[in-house]
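Data block below; observations after.
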Amino acid sequence: MKRFKFILQKEFKQIFRDKGMLPIIFLMPIMQLMVLSFAATFDVHNINMEIIDKDQSSLSQQLISKYASSSYFNILQNTPYDADNGESLQTGEAVIILEIPQDFEKNIIHHQPTQLSAKVDAIDGMSAGVSVNYAQSIIRDFQDNYLQEKGLLLKNGLKINISNLNWYNNSLNYKFYMVPGLLVLLVSMIGIFLTSMNIVKEKEIGTIEQLNVTPITKAEFIIGKLFPFWCIGMFVLSLGLSIAKLVFDIPIQGPLSIVFAFAMIYLLVVLGLGLIISTLSDTQQQSMFIAWFFMIVFVLLSGLFTPIENMPGWAQDLTLLNPVRYFIEIMRNVLLKGASWADVKMNFFIIGIYGIIINALAVLLYRKTN
Amino acid sequence: MDRLKGIIKKEFYHIFRDKRTLLILFGIPIVQIVLFGFAISTEIKEVKVALLNQSKEVSSHQLVNKILSTSYFKVDEILENEEAINTSFKKGRIKAAIVIPPHFEEDILKNKEAKVQIICDASDPNTGTQIGAFLEGQIQSFLYENAQKTFGSSPPIQINTEIQMRYNPELKSAYTFVPGLITIILMLICTMMTSIAITREIETGTMEVLLASPMHPSIIILGKVIPYLALSFSIAVFILFLGKFVFGVPILAHFGLITFEILLYCLVVLALGIFISTVAKTQQLALMISLFALFLPTMLLSGFIFPIHNMPLPLQMVTKVIPATYFNIIIKALMLKGATISEILKETLVLAGMFVVLVGVSIKRFNIRLG
Amino acid sequence: MEKIIESTELTKTFGDFTAVNKITFDVKKGEIFGFLGANGAGKSTAMRMLTGLLSPTSGAATVAGYDVFTEQEKIKKNIGYMSQKFSLYNDLTLMENITFYGGIYGLSNTQIKERGEKLIERLDLGNIKKKLLKEVPLGWKQKIAFSVATLHNPKVVFLDEPTGGVDPITRRQFWEMIYEKADQGMTVFVTTHYMDEAEYCHRISMMVHGEIHGYGTPKELKKEFNAQNMDEVFIHLARGDQYNLK
């Protein structure tokens, strides 16, 4: 194990001597966390809306003012007639065109059904669905208000008071949800990319051969390569968590020790995987693309951007093989819900087995003799 | 011209010799399309809920049956007490809990007014609130049906909304991700591959050999870039075909216009790759810059995953310097809206401008580096 | 005298191609053994098998008493190796490279310090001790690489084309260093295609197309092929090979 020390020494020196890489290793993830957390939001607001009010009545005005005062909508135009026949959807200016028909007020007063029409740019199906939901809820509100004002509410019907509670993220702050996940993504990316390029870089410059004729053991070699990046990973994670707390005010409900303990094992998995990629690649370019490929699959199947529960069964089964999934789960459960050791023991168990398999493979696949 | 051909040939050899990279370049779009198309869904279904029914009488069962009558919800756990709710959430299995209090039946019969509690896991606010709204809706329709049974009356006013989903009537997610994927993949190949290809030649010293030849540096760069242009273009066509024939995403605009815009975008991102190679000294650095400075921001800021209009204003400004933002608008308008050149003129001009600036700056930096 | 390398019909094939074909030779302790041949004759492949970097296909060989088939890691404890490509770390300083390789071969900190300083003094490199190796000229780098490869006093040191691209004066100094080590009892196994260097070796083997075609002291070889110098021996053998090909 004495040899191990010398490998560490060398790797650390090489990392800290590379002035081009240093800021990328330490600054980039932090900057990305700060910036991208603001971008990564499905919070829908400021939906650009065009209104064609063919009725021009006081009730139609009331409805429009409801839209205008909502933060979800941003009214671009409010015209009495359909001037351009949906042109603003075509150019991408408006996302919704809402048309209020003639006789809107008359029909309502006479208790006749009336029909609004909405044209929606549905290219982004998800956003379109959410926008329509909001648009309709405003119409429902309008309807309820009107009924209440006129005293038309059902008097003898049943009533159920529904209290709808939003646990774990009462303020519905999307960043609470995304920041922990993004942090996992950034730490994983740093880990897998740095390690996947490490061994293959020594292959490219030829120093690997010099190492292979030394009596160094394969395990010493792999651990020596892994450990420095493990430290970097833990450091970036700690830095990221501090930012999550100080900048984004992410609640930390559960014990952070769980997060760190998990990260210790998790990083071994990610870094081991990077080293395997590196061992099997011929050029840095190749290893980079392979690492990238894995990262994409991991991210898409991690539940970071879209909930795992929404996936079809086979895809949900696939996520069980994804280490990123388990870390994101731990982060969110511990930080937001205050999960305890007992709640997440399954995640530890799985990642532990993963770690043993991956690193055993990394040692086995690395060849000192061809 | 022959010299240019020589370099192009050599670069193609590099590309086709490295079978693994080539495989991955075509493999990434396929895997992404499969995952995005089949696995990634924002549609909520079969949400696991926990039920704490403290009443256990007829009307509470009626209510529960009504709530569970859709395919949206599935009872995962029947709870016995309130403490169990928290535990159940923390295990991360359920997304919502429904609590019916002990005197539900009595309240309904005597007071005509009862209470129900819906607790959602709002750590993911979108999913949380959506589930909450669905559950609420189910309870509302329970009441409505109840009222109809008792009074047989319909509500006094009725405002219906006819909704027309333009361009993507079935709200298929393929409609967003196929164009988005073209944007991202082209960026990856053109920028990353070229920046690496050039820095590799500098690192291994072969660049000096090339520069010492009687060829003009611009011919050398051009020769290195053209194969990647061809490769990217074929991958773009490949994705377009996958999108059209596997997911039925339409391609409405004129083929010539689409080709032109794809080539323009390729040129911009290629120029970006060249620019990176004038900044980065090693392959590793070029890779890391491409990856962190370009890939993640492009994916998150170009409107590929997250709509730009939701972002805070300063970030919206940032999205304006990303070429992918414009191409994303262009390619969606072309494929799905069948746009003509006049409708995307502004974006096209911005891309052209970016190309000119990037090439200009790169030439300047390249000269400094060599001189 | 004790034999430190013994090879009997050692063979390596890659698919249909036989890179090394049944080579039989031995190297005695303290000997400078030259391993000669044209480019692509199979020198490097043979050397990679002896150093444990490559598994042989058939035959038998031992290095320092250990089997090249089964005891590769034990061999590695007893040898030093300097590859064709400069393979110290360019982004580390001289002393850092010494510390690293010394540490890997299990030298103690005091040993590393002592031997490192002796090495620096011997090569008169005091002024570049703290410089990154990428700033050091090639000729110096080769001498440094040799010194580092022998830092742990291995029983055998393998040198793969150690003097490629180096000026005549540096080459001379390099061979002086080789003799010094041989005098101390270290066995030197060196591949080269400089025929004047072949004259410096105690014994040589001449490889042609994967086989050993000449084997003995330079004097014996010159006599055998009726040649003035090693150049002629080489050309004779290489040409014979061309006839064989036809």
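The values are calculated or read from the model by the stated rules, or taken from the named source; none is laboratory data. All figures in this text were calculated on a predicted structure; none of them were measured in a lab. In this analysis, Cβ positions are derived from the backbone assuming ideal geometry, glycine residues included, and neighbour counts consider all displayed protein chains.
In the range A:149-193, the residue that is nearest to A:Ile243 (Cα to Cα) out of those that are at pLDDT below 70 and basic (Lys, Arg) is A:Lys159.
Restricting the first member to the range C:166-190 and to residues that are under 25 Å from C:Val63 (Cα atoms), and the second to residues that are part of a helix (DSSP H, G or I) and aliphatic (A, V, I, L, M), the beta-carbon pairs closer than 6 Å and six or more apart or on different chains are C:Val188/C:Ile178; C:Val188/C:Ala182. Of the helices (runs of 4 or more DSSP H) contained entirely in the range A:186-295, those carrying at least 3 residues that are of a type outside the set (Phe, Trp, Tyr) and free of Cβ contacts under 8 Å to residues at least 12 places away in the same chain fall at A:207-212, A:218-246.
For (1) under 22 Å from A:Leu22 (Cα atoms); (2) at pLDDT below 90; (3) surrounded by fewer than 18 Cβ atoms within 10 Å (Cβ to Cβ), each residue gets a yes or a no:
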position	(1), (2), (3)
A:Thr217	no, yes, yes
A:Ile223	yes, yes, no
A:Phe235	yes, no, yes
A:Ser238	yes, no, yes
A:Gly254	no, yes, no
A:Leu267	yes, no, no
A:Leu271	yes, no, no
A:Gly274	yes, no, no
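Just one of the listed residues (A:Gly254, A:Gly224, A:Gly274, A:Gly191) is within 19 Å of the chain's Cα centre (by Cα) and closer than 26 Å to A:Gly352 by Cα, and it is A:Gly191. Looking across C:Thr110, C:Thr150, one residue alone is under 21 Å from C:Glu197 (Cβ atoms) and either in contact with a helix residue (DSSP H, G or I) (Cβ under 8 Å, 6 or more places away or on another chain) or free of Cβ contacts under 8 Å to residues at least 24 places away in the same chain (or both). It is C:Thr150. Looking only at residues of the range B:121-138 that are facing chain A (nearest Cβ under 7 Å) and surrounded by fewer than 20 Cβ atoms within 10 Å (Cβ to Cβ), we find that the one that is farthest from B:Lys74 (Cα to Cα) is B:Thr129. Cβ-Cβ distances below 7 Å connect the following pairs, each with a first residue in the range A:121-142 that is more than 7 Å from chain B (Cβ to nearest Cβ), a second residue that is surrounded by 19 or more Cβ atoms within 10 Å (Cβ to Cβ) and assigned to a helix (DSSP H, G or I), and a separation of six or more residues or different chains: A:Ile138/A:Tyr67; A:Phe142/A:Leu63.
Residue-wise test of (1) more than 18 Å from B:Leu181 (Cβ to Cβ); (2) touching a helix residue (DSSP H, G or I) at 6+ places or on another chain (Cβ under 6 Å); (3) aliphatic (A, V, I, L, M).
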| position | (1), (2), (3) |
| --- | --- |
| A:Phe289 | no, yes, no |
| A:Phe293 | no, yes, no |
| A:Phe298 | no, yes, no |
| A:Pro312 | yes, no, no |
| A:Thr319 | yes, yes, no |
| A:Tyr326 | yes, yes, no |
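Exactly one residue out of B:Phe238, B:Phe292, B:Phe255 is on the phi < 0 side of the Ramachandran plot, surrounded by fewer than 20 Cβ atoms within 10 Å (Cβ to Cβ) and free of Cβ contacts under 8 Å to residues at least 12 places away in the same chain: that is B:Phe255.
Within the range A:329-340, the residues that satisfy the criterion of being within 7 Å of another protein chain (Cβ to nearest Cβ) and part of a helix (DSSP H, G or I) are A:Glu329, A:Arg332, A:Asn333, A:Leu336, A:Lys337.
Scoring A:Lys225 on the criteria (1) at the interface with chain B (Cβ under 10 Å from one of its Cβ atoms); (2) charged (D, E, K, R); (3) within 25 Å of A:Arg367 (Cα to Cα) leaves a single failure, condition (1). Based on this model, can you work out whether A:Ile15 counts as within 14 Å of chain C (Cβ to nearest Cβ), within 22 Å of A:Ser188 (Cβ to Cβ) and touching a residue at least 24 places away in the same chain (Cβ under 8 Å)? The answer is yes for A:Ile15. Examine the range C:171-191 for a residue that is at pLDDT below 85 and over 13 Å from the mean Cα position of the chain (by Cα), and state whether such a residue exists. Checking the range C:171-191: not a single residue is at pLDDT below 85 and over 13 Å from the mean Cα position of the chain (by Cα). Against the numbered list (1) closer than 16 Å to A:Asp55 by Cα; (2) facing chain B (nearest Cβ under 7 Å); (3) in contact (Cβ under 8 Å) with a residue 12 or more places away in the chain, A:Asp103 comes up short only at (2).
State all residues of the range C:90-139 that are away from every other protein chain (no Cβ under 14 Å) and assigned to a helix (DSSP H, G or I); if no residue qualifies, say none. C:Glu114, C:Arg115, C:Glu117, C:Lys118, C:Leu119, C:Ile120, C:Glu121, C:Arg122, C:Gly126, C:Asn127, C:Ile128, C:Gly139 - these are the residues of the range C:90-139 that are away from every other protein chain (no Cβ under 14 Å) and assigned to a helix (DSSP H, G or I). Look at the range B:297-311: where a residue is facing chain A (nearest Cβ under 7 Å) and under 19 Å from A:Asn48 (Cβ atoms) and a partner is assigned to a loop (DSSP other than H, G, I, E, B) and charged (D, E, K, R), sitting 6+ places away or on another chain with Cβ atoms under 7 Å, you get B:Pro307/A:Asp124; B:Asn310/A:Asp43. Residues of the range A:304-328 that are closer than 16 Å to B:Asp121 by Cβ and either surrounded by fewer than 22 Cβ atoms within 10 Å (Cβ to Cβ) or more than 9 Å from chain B (Cβ to nearest Cβ) (or both): A:Pro307, A:Ile308, A:Glu309, A:Asn310, A:Ile328. Note on the range B:46-75: residues that are within 12 Å of chain A (Cβ to nearest Cβ), farther than 15 Å from B:Leu135 by Cα and not in a helix (DSSP H, G or I) total 0.
If the requirement is being surrounded by fewer than 22 Cβ atoms within 10 Å (Cβ to Cβ) and free of Cβ contacts under 8 Å to residues at least 24 places away in the same chain, which of these qualifies: A:Ile358, A:Ile353? Only one candidate passes the filter, namely A:Ile353.
Residues that are among the β-branched types (Val, Ile, Thr) number at least 2 in the following helices (runs of 4 or more DSSP H) confined to the range B:260-371: B:313-319, B:323-337, B:345-370. When A:Ile109 is tested against (1) among the β-branched types (Val, Ile, Thr); (2) in the same structural domain as A:Phe142 (by TED's automatic domain parsing); (3) under 26 Å from B:Lys346 (Cβ atoms), exactly one condition is not met: (3).
If you go through the range B:314-345 and keep only what is within 23 Å of A:Leu36 (Cβ to Cβ), more than 16 Å from the chain's Cα centre (by Cα) and either among the β-branched types (Val, Ile, Thr) or facing chain A (nearest Cβ under 10 Å) (or both), you end up with B:Pro314, B:Leu315, B:Gln316, B:Val318, B:Val321.
When B:Ile94 is tested against (1) part of a helix (DSSP H, G or I); (2) more than 7 Å from chain A (Cβ to nearest Cβ); (3) more than 30 Å from B:Leu186 (Cβ to Cβ), exactly one condition is not met: (1). For the range B:79-120, the set of residues classified as touching a residue at least 12 places away in the same chain (Cβ under 8 Å), surrounded by fewer than 24 Cβ atoms within 10 Å (Cβ to Cβ) and not hydrophobic (A, V, I, L, M, F, W, C) consists of B:Glu80, B:Asn81, B:Glu82, B:Ser88, B:Arg93, B:Pro101, B:Pro102, B:His103, B:Glu105, B:Lys115, B:Gln117, listed by residue number.
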